[in-house]
Amino acid sequence: ALFQYQRALWIDEKKFYAQLGVGLCLFNMMKYEDAIYALRKTLKIDSYDHITHYYLGLSLMAIDDNKNAISSFTQSLLLDPDNSNTYFNLGKSYYETGKMIQAREAFNRVINIDAQYGAAHYYLGLINENIMEINKAIESYTLARENSSEIEDIHYRLGMLLYKTGEFKKAMEPLREFIIYKPNNIRVLEAMGNIFISESRFKEAIDTYKRIREEYPEKLDINLFLAESYYKLKE
């Protein structure tokens, strides 16, 4: 396809869709610097195309030029104001540059357009957790998990926040799901072991602590938890 678009440009270098096609092909080939060059040439032909601004923003994000990506996404939204994907990537760009207020506004716009946009709920959870609004973070992660369960980190963050706030029963399900992806995560295994003890599920606690000891023999305090579990099991 790239060759065909380039061939069309040899005939007419101001052919908009051919120039856009070159930019999109280069983007899909992950040749982001070349894509940026091609998409900027496209905008010289037609500066009012929201798709070109959007993919220029994505290409700039890919090379960590989030400042200019923000400008491209903002321009795209002026031309296509109800695009949830554009708002989402605008939010990510703001997030990466540390502009949390603007990021939160962008992600809220996403879920106003599409309430089931799980990744936007996830980023709202990250922002809320970062500013210590824990209940709001739990709410955001819960919605993210309902709609985008493929994002591994959601299960970890939701489970650990619930665990830290004493919601042990609610914490166990996301922690179990996360451990499928990362079976040797020591923080999650320790949390699960402690939950098992709190629920008097001592055999499961013993199995969990043994698993930690096998993976992390240098973690000597696990022997204390194991001893406690064996003692309570005998009671």
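Work out the FRET efficiency for Lys67 and Tyr17 from their Cβ-Cβ distance, taking R0 = 22 Å, and round it to the nearest 0.05.
0.15
By counting other Cβ atoms within 10 Å of each Cβ, how are Asp207, Asp65 ranked from fewest to most?
Taking fewest neighbouring Cβ atoms as first place, the list is Asp207, Asp65.
With charges set only on the Cβ (+1 for Lys and Arg, -1 for Asp and Glu), what does the dipole of the chain come to about its Cα centre, in debye to the nearest 20?
With Lys and Arg at +1 and Asp and Glu at -1, about 120 debye.
For the chain, with the dipole built from +1 on Lys and Arg beta-carbon atoms and -1 on Asp and Glu ones, taken about the Cα centre, which of Gly118, Thr165, Tyr230 lies farthest toward the positive end?
Looking along the dipole axis, the top candidate is Tyr230.
For the stretch 1-126, what is Rg from Cα atoms divided by 2.2 N^0.38 Å, rounded to two decimals?
Expressed relative to 2.2 N^0.38 Å, the Cα Rg reads 1.11.
Taking neighbour Cβ counts within 10 Å as the exposure measure, how do Ser72, Ser84 sort from fewest upward?
Taking fewest neighbouring Cβ atoms as first place, the list is Ser84, Ser72.
If you average 1/r over all unlike Cα pairs in the chain and invert the result, what Kirkwood radius do you get in angstrom?
Mean inverse Cα-Cα distance, inverted, gives 20.7 Å.
Nearest 10 degrees is fine. How inclined is helix 168-181 to the longest principal axis of the chain, computing both from alpha carbons?
On a 0 to 90 degree scale, this one is about 60.
Projecting each Cα onto the charge dipole of the chain (Lys/Arg +1, Asp/Glu -1 at the beta carbon, about the Cα centre), which of Ala62, Ala106, His50 comes out farthest on the positive side?
The one lying farthest along the dipole's positive direction is Ala62.
Give me the net charge for the shell around Gly125: Cβ to Cβ below 9 angstrom, other residues only, Lys and Arg +1, Asp and Glu -1.
So the surrounding residues net to 0.
Could you tell me which of the pairs Lys44/Lys67; Lys31/Lys92; Lys136/Lys219; Lys169/Lys234; Lys67/Lys164; Lys31/Lys99 are separated by over 31 angstrom between their Cα atoms in the structure shown?
Cα-Cα > 31 Å for Lys136/Lys219; Lys67/Lys164; rest within.
Bear in mind these aren't lab numbers, they're just calculated from the coordinates by the rules spelled out. Model, not experiment: these values are computed from the prediction. For neighbour counting, all protein chains shown are included, and Cβ atoms are generated from backbone atoms with ideal geometry for every residue, glycine included.
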